[in-house]
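What follows is one structure encoded as structure tokens, with my remarks underneath.
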Amino acid sequence: MQIGEVAERTGLSLRTIRYYEEVGLVVPSARSQGGFRLYNEPDVDRLLLIMRMKPLGFQLDEMRELLAILDAAPGDQDPEARLREFAGIAEQRCAELRSRLSNAEEFAGMLRERLDELARSRS
């Protein structure tokens, strides 16, 4: 599939997909005769994985390292310790995001309550 379809399927912009290629996070599986980037399902899955890392604050070098660990064939190396470290970081950052979301939801709820009070006072 071409980059436009990948963008539509992932919700990423063309610019972002090209950037991820430029920095070496994803490489199109092929190019058409006209030079268009061509992607397959594993490429889309990789982009979706990168998307899941992004809100957790992983830096490009961390993403590259983690992708390399995940890409390694079983038995190539023993990445367990580093993978555990990444898992711990992901869990910690998820907890931080849940806390921030809870605060944001409380704030949004307070605003809804205020709007309801204003609506009741005008009726």
Checklist entry - Within the range 9-33, can you find the residues that are assigned to a loop (DSSP other than H, G, I, E, B) and basic (Lys, Arg)? => result none
Item to check | Options GLN2, GLN33; residue that is open to solvent by 30 Å² or more (accessible area, probe 1.4 Å), without any contact (Cβ under 8 Å) to a residue 12 or more places away in the chain and of a type in the set (S, T, N, Q) | outcome: GLN33
Checklist outcome for this item: Log entry, pairs with first residue in the range 77-103 being free of Cβ contacts under 8 Å to residues at least 60 places away in the same chain, second being not basic (Lys, Arg), beta carbons closer than 6 Å, six or more apart or on different chains, reads PRO79/ILE69; LEU83/ILE69; PHE86/LEU66; ALA90/LEU56; ARG93/LEU56; ARG93/GLY57
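The values are calculated or read from the model by the stated rules, or taken from the named source; none is laboratory data. Keep in mind the model is a prediction, meaning the values are calculated, not measured. Neighbour counts run over all protein chains shown; Cβ positions are idealised from the backbone, glycine included. Remember, those area values only see protein heavy atoms, side chains included, never the ligands or the DNA or RNA. Shrake-Rupley method; radii C 1.70, N 1.55, O 1.52, S 1.80 Å.
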